[in-house]
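Heads up: the structure comes next, in structure tokens.
The values are calculated or read from the model by the stated rules, or taken from the named source; none is laboratory data. Note that this is a predicted model, so its numbers are computed, not measured. Using ideal geometry, Cβ is built from the backbone for each residue, glycine included, and neighbour counts are taken over all protein chains shown. To get the accessible areas, we keep the full protein, side chains included, count just its heavy atoms, and leave off ligands, DNA and RNA. Shrake-Rupley method; radii C 1.70, N 1.55, O 1.52, S 1.80 Å.
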Amino acid sequence: MTKRFYSHQLLIVGILLLAAGLRLTRLDLIEFKYDEATTARSALAIVREGRLPAMGMISSQGPRNPPLMSYVLALPFALSRDPRLAAGWVAFLGVVAVGLAYWVGRAYFDRRVGALTALLFAASPWAVFHSRKIWAQNLPAFTLLFVAAVLALVVRRKPWALTGALVAAGCLVGLHLGGLAFFFILAVIVVLFRRHVRPAPLLVGLALLALILSPYLLHDALHGWPNIRAFADLVRREATPDLQAPCMAALIVGGYHLEDLAGVRHTDFVASILDLRRLDWVEVTLFWAGLAWLAWRVGWEALTHRGRLSREGAARLVLLCWFSVPVALLLRRGAPVHPHDLILLYPAQHLVIALLLVDAMDRGKQTASHVSRFTFHVSRFIPHACLLLITLLLAWHVYLQESLLTFVDTHDTPGGYGAPVKYALAAARQVEALLAEAGDAELIVLLPGAEPRYDGQAAVFDVLLGQNRRLVDGRQALVLPAHPTVYLAHPKAEPAVSALAEVAAEVGPALPVRTGSDATYRFFRWQPTAVTPAHPWDGEPVCWASGVRFLGYDWSGEPRPGGTVHWTLYWRVEGQPSAGNDVHWFNHLVDGEGNRWGQMDGVGYPASGWRVGDIVLTWFDIAISADAPPPPYFIRSGMYTYPDVVNVPLVDAAGSPVGEFVELGPVGDRAFPK
């Protein structure tokens, strides 16, 4: 073993350590929003409930993705609910991808190409950013396995590599529907190199591909093909050809426009760093030059050898197809192209640049042997210039990424990088500690939306807190149980937070939603006590057959034509409605003649969350028609089952129906039950 060999091995270890350092550190600063939490919930359902999903999360374009990402994440979530562990697992796969990039470059070009590709890919800011996200996305490790199989088929002429390519393509589609592009790549390769294709590997590969995608397709078939139809609609959608895709593919090679992740604070971020963004333009220029050089090399060899390519020429053609086919598919698109749409290209761009630089250094050495002294010195300078440029790019990319993480940790960045997960984690850990101190108490989380399937914060805390809690939409309701309760309140869960502060004790220090924001998570402890509405009901008991007893009401706002009444109902749960139906409220604003001039319906608080003894406050904003007469008005409040929309009757003590609503008011004058 030579000294050069050991030096090269040490370089590869250094590259992997760099990749790991950028991807596996500061994981408390990862984004954890709706998309990440939804994928995490699916993975948790696999390991905690034994549910095996046939569908993944919905894509931004309409169809649902297959569920393979949920299965990939099931391993870390089997160990812990902490999303940092899952992000670390995905980041580790990113480090593996860097190692695979080296292996592919070395095996089919030379070890310098492999090392340079791995080095550029390891430090690429956009590549690092995406390698720390736990959502449905193409994972470069799977991409490189696909490319390695294709290269084995084309360059080493191994027919069974086609089976591996089909399996890898199936996995890529299983991760994200964007992986369909790999079938087009493979189709182009099979046509160009059809003499290497054998029937048996092709048939076995297709069978395995069908097996991988069969749960997704079978589920879609049993439900009327909604995803296939959505995908067909997407293909038929009107779109104008443009160059977004190739431009974006070039820009994400390094750190160009990474400052956009600072959102509205991007100017502040740029002002806070040493601005060397011109280096990103240099890298983009290198990429375009490398792509042109790649196409020239392949085209020239094909022309001069009557369509026959050397093994290296065939490998270069595969690289050209890997980049060009997905980009060509996105030239006609009815929606903007985002950086994550082109993750499937990684690390093709870095391989293109590596080939350009290595070819430049080799030609410099060849030229230096038979030219003038001046040209000789210039030629010798080329490798040093390349080394200096690579060093500058690496230093800039590492500095840029660390600066961005520090900035998003210390500043609110609306419209950009989401709140780092450490803040929500801190709130979850603090409320768990308060719950442990309280002993036998319930946990209620007040959020701006309480359905994890649709609401981002609900999905986040559903992952962080597990099952032993109730999520309540604080914009619509406040729940006060008949037993001690600890509350975690999100700042946007108004008016529930303000109402809770009047009847419960605030405990523990409030925690920031993120540094740089005035918004805080607040914590409360509730001990059951009497709750008196502004207008308590003091007539005959009013009970609905759903198990609800009416306690009183309150109102505020502008009760006038064109105004809005903010309407509050107080009620207590004394029984459970029949299973299978939810219960919604209706609130009709009428005049003294009973003519309706405003209405607001809503679920208030879903019946699935009711517990006997709960006192519930629900809020409704009732817009009054501009054509309404002047006040006073009255409000008729009642309930109906949903989705069949059948009014729930009021019942007397014997359970006999006595009506369908309670009329309250007047509103806009003195208030009393009518």
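The listed residues are Gly94, Gly50, and the only one of them that is more than 17 Å from Gly174 (Cα to Cα), open to solvent by less than 30 Å² (accessible area, probe 1.4 Å) and of a type outside the set (A, V, I, L, M) turns out to be Gly94. Of the candidates Pro541, Pro577, the single residue that is at negative phi and either surrounded by fewer than 16 Cβ atoms within 10 Å (Cβ to Cβ) or at pLDDT 90 or above (or both) is Pro541. Identify the single condition in (1) exposed (fewer than 15 other Cβ atoms within 10 Å of the Cβ); (2) under 24 Å from the mean Cα position of the chain (by Cα) that Ala221 does not satisfy, given that it satisfies every other one. Going through (1) exposed (fewer than 15 other Cβ atoms within 10 Å of the Cβ); (2) under 24 Å from the mean Cα position of the chain (by Cα) one by one, Ala221 breaks only (2). Under 6 Å between Cβ atoms, which residue pairs at least 6 apart in sequence (or on different chains) link something in segment 591-607 that is within 15 Å of Arg636 (Cβ to Cβ) with a partner that is of a type in the set (S, T, N, Q) and in a loop (DSSP other than H, G, I, E, B)? Close Cβ pairs satisfying both conditions: Trp597/Ser625.
With Thr2, Thr39, Thr25 as the choices, which residue is surrounded by fewer than 18 Cβ atoms within 10 Å (Cβ to Cβ) and under 27 Å from Val513 (Cα atoms)?
Details: Thr2 fails: under 27 Å from Val513 (Cα atoms); Thr39 fails: surrounded by fewer than 18 Cβ atoms within 10 Å (Cβ to Cβ).
Residue meeting the stated conditions: Thr25.
Taking segment 521-532 as the range and being crowded, with 17+ Cβ neighbours inside 10 Å and either part of a loop (DSSP other than H, G, I, E, B) or of a type in the set (Ser, Thr, Tyr) (or both) as the test, the residues that pass are Tyr521, Val531. Scan segment 331-344 and give yes if some residue there is in contact with a strand residue (DSSP E or B) (Cβ under 9 Å, 6 or more places away or on another chain) and either buried (at least 20 other Cβ atoms within 10 Å of the Cβ) or at pLDDT 90 or above (or both), otherwise no. Yes: one or more hits. Taking the criterion of being open to solvent by 30 Å² or more (accessible area, probe 1.4 Å), of a type in the set (A, V, I, L, M), assigned to a loop (DSSP other than H, G, I, E, B) and in contact (Cβ under 8 Å) with a residue 60 or more places away in the chain, the only residue of segment 477-519 that qualifies is Ala482. Pairs linking a residue in segment 164-192 that is touching a residue at least 60 places away in the same chain (Cβ under 8 Å) to a residue that is open to solvent by 10 Å² or more (accessible area, probe 1.4 Å) and acidic (Asp, Glu), with Cβ atoms under 7 Å and 6 or more positions apart or on different chains, are Gly178/Asp341.
Of the numbered criteria (1) more than 30 Å from Thr25 (Cβ to Cβ); (2) open to solvent by 10 Å² or more (accessible area, probe 1.4 Å); (3) of a type in the set (A, V, I, L, M), the one Ala426 fails is (1).
Highlighted here are the helices (runs of 4 or more DSSP H) found entirely within segment 133-208 that include at least 1 residues which are farther than 28 Å from Gly56 by Cβ and in contact with a Cys (Cβ under 9 Å, 6 or more places away or on another chain): 181-192. Residues in segment 305-323 that are open to solvent by 60 Å² or more (accessible area, probe 1.4 Å) and either at pLDDT 90 or above or touching a Phe, Trp or Tyr at 6+ places or on another chain (Cβ under 6 Å) (or both): Arg311, Glu312.
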